[in-house]
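Trainee: Sharing a structure below in structure tokens format, with a few things to ask.
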Amino acid sequence: MGVAEVRKGYAKDTGPAYGWAALILFALSWLAPLFELKPNRIASGRMARLWEIWPLAAGVALAMAALAATLAYKLRADRQASTKPAPGWAGLCSEHRAPFFVRGAALGSALGLFAGPALLLAQQAPGPTLPRVSPGAGFWLLLSAAFLAYRWTKPARETVPAFRGFWPLAFSLGLLALALTGLLDRFSPYMEFRAQGQRFWAELARHISLAGSSFLVALLAGTAGAVALSRSSLLGRLLSAAASAIQNVPSLALFGLLLPVMAALADAFPWLRSIGISGIGAAPAFLALTAYAILPIMLSGAAGLRMVDSGAKDTARGMGMGRLQLLARVELPLALPSLAAGARTALVQTIGTTTIAALIGAGGMGYFVFQGVGQAAMDMVIIGVIPIALLSFAADKGMAMLERALSRKADRPWP
Amino acid sequence: MALIEYRGISKRYGDAWALKNIDLDIERGTLTALIGPSGSGKTTCLRMLNRLVEPDEGSIRYDGRTLRSFKPEALRRGMGYVIQNVGLFPHLTVLENICTVPRLLGTPKARAARRADELLALVGLDPALYRGRRPRELSGGEAQRVGVARALAADPPLLLMDEPFGAVDPLQRGRLQEAFLRIQREIKKTVLLVTHDLDEAVRLADTIVLMRAGTIVQRASPATLLAEPADDFVRDFVGEDRSLKRLARVSLGSVAATAPAVALGETAPAAAEGCDGPAQYWVLDGAGKPIGRARPGQRGTLSPTPLPLLSAGASLKEALAAMLEDGHSVIGVLDESERLIGEIAIGDIISSSADAVESSSGGRQ
């Protein structure tokens, strides 16, 4: 058995790089301050380090040991190109078991990290209370280390069916349990989240609806543009030039440019104002976001349409399909995977860019980000940024699945 | 009246003439092959019929009506269309591919599907096995068969075929041609076939139209084209081996002689004194399938080596090739259920070739 098979158990054949990176980050998390205990949101307080929370420190040490053993085993296996289980201690970290140890330890450290504030406060010496525990540099290092360790040992496809989706689910449920049992109560981003209350959910809904509606309109316009472009008509070339030009304008500048335009429009046509269109707010944000999302959809859609087998198109015409029938029954179905790939880029990009829309009063998660930056309240920035990251991640995953399904349907080999 | 009449057709692409003043009649129920070097205008000629290309000058009448009076889509749905790359829709199953035109014409799904199954059987593919496959799961030959089935789906009176067997290997091509000849004998469509393979044209066509640089050089039956080339260009195109090509037109079934045969275990009769008996006997099993050979006076036994056998649809040319290849002087001819129906000897090939020359030169007088 060769090296390739030995590596099969590891994510996308990353080699030991992820493993080393995880180990280094784990090590660094001992040095940097893990938490900061603060009297309130803004004032500075006392730093706490990893070894002050002994259960967490023990968990991290275990994770590092498992990681180091796995790395050692993997190096040995790479050198010897054999999968023979090593005897004794090394055998414990054999190809099949070691990744589970690493992933388990990573999960434990990550959850322990979130329980950290509660553990820290429980052993706090009596004195002036510092009720807010903010994440410090070590917190992020440790979280990244755990994630890298998980990624490194996660197989491209979990061999045990019960474990498919287990780790993310376990982490989410663990976090939920921490929140429900009150163990997260002193963790400052969570405190901020609770303090915001309804506002958080309202802005999240606004973010999703603004990004979603821009994306859907861009999908329609981009598809139409892709058809025009693939026919290399004048209209198509104009569209493509316009979309490229828009892509080159920084998003903030585009919002700014739209301000006077929209304001003038609303002034000229009062009925526009009556349906909520003005220089600031959701309308210009929607327009700008749509304009941004069109280009990736249009370009990859047009590429997909051009790739459609000319023989299939010729016979379709020769068998008596009209232009629209040809488009709907042959060209678009065959171009769908490419179109979906463009849509994936566009959706992820739109979710991110929507953040900036808060600057022109459109709301969304950007509200927390910019308010937080303005008030030097990192907790507020964090509760704005984390949902955006999760949304982008979910959108990317979802679109990738859609893309794969469409590729299968269009019978194109998945790249 | 001919089904299709080209009158004074010209077509120019920029400065180059694709077609120059073409007159051509295509008779109902016949297979006309357009042949010529690349750029001779044969594909343009074909694509004008379903109006994928419009002529610059001249007019085409189809079934007595000028082609321009048809709506292009309606016209195309009434003509089967097969091209070299097959052009099967990769996202649809074999069944959905075949049902394309019937569905465009509004045929109910169930009826179209039944028809598709019949057609799959007709082109020699098991419907149960192939119905649900994707084009990617077909071999080149299978894809071509599906392409032909798809073209026949709406039972069009006219089939347009642009190098339909061009993209498969020679062995497959021979089989496809044989299958197509069998189908054509059954359904008697009017077929316009574009090919650059003279052997294919000679084998399949009733009429061959040889084109060169947008003009028709000769329009004749295959036998006449081979025997009497109109000019040096045709002579060159036909080549030195034209008598060999003529053999491609003759199917074994039409010239096979009765084959002497004995049952397994029986003794082949010895030749009578001074008489020329058969040099060998075929040994048949109970179903009439050949399983061995025996010399006169010998007992019929199972042959340890494969027997030289060809189907009745194969041509004399294939038989000759097989003889030269393996050094056999006699080849058994089989019907569709692989029973022996006759044999062909090398002498038969030579005499039938002589007949063909005689009959075509007889036609000249």
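Trainee: Just the projected area, averaged over all directions, of the convex hull on the alpha carbon atoms of segment B:300-357: how many nm²?
Mentor: Details: hull surface 18.5 nm².
Answer in nm², one decimal: 4.6.
Trainee: Given the convex hull over the Cα atoms of segment B:200-288, what projected area results after averaging over all orientations, in nm²?
Mentor: Working: hull surface 37.8 nm².
In nm², the orientation-averaged hull projection of segment B:200-288 is 9.5.
Trainee: Something else about it: Please identify the helices of chain A, taking whole runs of DSSP H, that span at least 15 Å along their own axis as judged from the Cα atoms and have a mean Kyte-Doolittle score of 0.5 or higher. Walk me through the numbers on the way to the answer.
Mentor: Details: long enough: A:17-31 (22 Å, 1.69); A:54-80 (38 Å, 0.68); A:98-122 (34 Å, 1.52); A:137-153 (24 Å, 1.09); A:166-180 (21 Å, 2.01); A:198-230 (46 Å, 0.92); A:234-248 (21 Å, 0.89); A:251-268 (25 Å, 1.91); A:282-307 (37 Å, 1.45); A:332-353 (30 Å, 0.99); A:378-409 (46 Å, 0.93).
The qualifying helices are A:17-31, A:54-80, A:98-122, A:137-153, A:166-180, A:198-230, A:234-248, A:251-268, A:282-307, A:332-353, A:378-409.
Trainee: How about B:Lys109: which lysines have a C-alpha closer than 28 Å to its C-alpha, ignoring those fewer than 8 places off in the same chain?
Mentor: A:Lys313, A:Lys409, B:Lys71, B:Lys188, B:Lys189
Trainee: Under 13 Å Cα-Cα from A:Lys74, which aspartates and glutamates qualify once same-chain neighbours fewer than 8 residues away are excluded?
Mentor: Once the sequence-local aspartates and glutamates are set aside, what remains near A:Lys74 is A:Glu5, A:Asp13, A:Glu95.
Trainee: Put a dot 7 Å past each Cα toward the Cβ at B:Leu264 and B:Asp155; how far apart are the dots in nm?
Mentor: Distance between label points: 4.5 nm.
Trainee: Who wins for biggest fluctuation among A:Ala221, A:Ala288, A:Ala394 in a Gaussian network model of chain A, springs between alpha carbons below 10 Å?
Mentor: A:Ala394
Trainee: How big is the equivalent ellipsoid of the protein assembly as shown along its three axes, where each semi-axis is √(5λ) from the Cα gyration tensor, reported in whole Å from largest to smallest?
Mentor: Values for the protein assembly as shown, descending: 75, 40, 19 Å.
Trainee: For chain B, what number results from the quotient of the Cα radius of gyration and 2.2 N^0.38 Å? Intermediate values should be presented prior to the final figure.
Mentor: Working: Rg = 23.5 Å, N = 365, 2.2 N^0.38 = 20.7 Å.
Taking the Cα Rg and dividing by 2.2 N^0.38 Å, one obtains 1.13.
Trainee: Cβ under 10 Å from B:Arg28's Cβ, B:Arg28 left aside: what net charge do those residues give with Lys, Arg +1 and Asp, Glu -1?
Mentor: Cβ neighbours under 10 Å give a net charge of 0.
Trainee: Only bridges whose two residues both fall in the protein assembly as shown count here: according to DSSP, what percent of them are antiparallel, nearest 5?
Mentor: On the way: 38 of 64 bridges.
Counting only bridges with both partners in the protein assembly as shown, antiparallel ones make up about 60 percent.
Trainee: Right, another one. Which longest uninterrupted range of chain B lacks any GluC sites (Glu not before Pro) assigned by DSSP to a loop state (not H, G, I, E or B) and surrounded by at most 11 other Cβ atoms within 10 Å?
Mentor: Numbers: sites that count: B:Glu240, B:Glu273, B:Glu336.
Here the longest run is B:1-239.
Trainee: What is the mean projected area of the alpha carbon convex hull for chain A, to one decimal in square nanometres?
Mentor: 26.9
Trainee: Right, another one. Rank A:Pro55, A:Pro270, A:Pro296 by mean-square fluctuation in a GNM of chain A with C-alpha springs under 10 angstrom and give only the top-ranked residue.
Mentor: A:Pro270
Trainee: State in Å² the accessible area per residue of segment A:321-391; use a 1.4 Å probe, count heavy atoms of protein chains only, and round to the nearest integer.
Mentor: On the way: 2630 Å² over 71 residues.
In whole numbers, segment A:321-391 has 37 Å² accessible per residue.
Trainee: Can you list residues whose amide H is under 5 Å from A:Ser278's amide H, if they're 5+ apart or on another chain and H is modeled 1.01 Å from N?
Mentor: A:Ala283
Trainee: To continue, here is another question. When the distances between all Cα atoms of segment B:136-183 are binned every 10 Å from zero, what whole-number percent does each bin get?
Mentor: 25, 59, 16, 0
Trainee: Still on this structure, I have one more. Sorted from largest down, give the three principal axis spans of the alpha carbons of segment A:196-253, whole angstrom values.
Mentor: 52, 24, 10
Trainee: With a Cα-only, solvent-free Debye model of segment A:247-291, what are the log10 I(q)/I(0) values at q = 0.23, 0.32 Å⁻¹?
Mentor: These q points yield log10 I(q)/I(0) values of -0.71, -1.12.
Trainee: How many angstrom separate the Cα center of segment A:345-377 from the Cα center of segment B:153-227?
Mentor: When both Cα centres are located, 68 Å separates them.
Trainee: Let me ask something else. Mind pulling up the Rg/Rh value for segment A:277-394? Radius of gyration and Kirkwood radius, both on Cα.
Mentor: Details: Rg = 20.4 Å, Rh = 16.8 Å.
Checking Rg against Rh, the ratio lands at 1.22.
Trainee: Do you know which residues of segment B:66-83 lose at least 50 square angstrom of accessible area in the protein assembly compared with their chain on its own, with a 1.4 angstrom probe?
Mentor: B:Arg76, B:Tyr81
Trainee: Mind checking A:359-366 for the average number of partner chain beta-carbons within 10 Å of each residue's beta-carbon?
Mentor: 0
Trainee: Per-residue Cβ counts within 10 Å, from other chains only, averaged over B:96-103: what number is that?
Mentor: 2
Trainee: Counting only protein heavy atoms, what percent of the accessible surface of the protein assembly as shown is carbon or sulfur at a 1.4 Å probe? The partial results should precede the final answer.
Mentor: Details: 22120 of 36440 Å².
C and S fraction of accessible area: 61 percent.
Trainee: Now a separate question. Hey, what angle do you get for helix B:109-122 against the long axis of chain B, alpha-carbon based, 0 to 90 degrees rounded to 10?
Mentor: Roughly 40 degrees between the two axes.
Trainee: Which residues belonging to segment A:292-313 lose at least 20 Å² of 1.4 Å-probe accessible area when the assembly is complete, relative to their chain isolated?
Mentor: So the qualifying set is A:Asp309, A:Gly311, A:Ala312.
Trainee: Send over the per residue convex hull volume for segment B:18-62, Cα only, as a whole number of Å³.
Mentor: Details: hull volume 3.7 nm³, N = 45.
Once divided by residue count, the hull of segment B:18-62 is 83 Å³.
Trainee: Using only protein heavy atoms and a 1.4 angstrom probe, determine the accessible area buried between B and A, summed over both sides, in Å² to the nearest 100.
Mentor: For chain B against chain A, roughly 1900 Å² becomes buried.
The values are calculated or read from the model by the stated rules, or taken from the named source; none is laboratory data. Here the structure is a predicted model, which means the values were calculated and not measured. So basically every Cβ, Gly included, is an ideal-geometry build from the backbone, and we count neighbours across all protein chains shown. Side chains included, ligands, DNA and RNA excluded: accessible areas come from the protein's heavy atoms. Shrake-Rupley method; radii C 1.70, N 1.55, O 1.52, S 1.80 Å.
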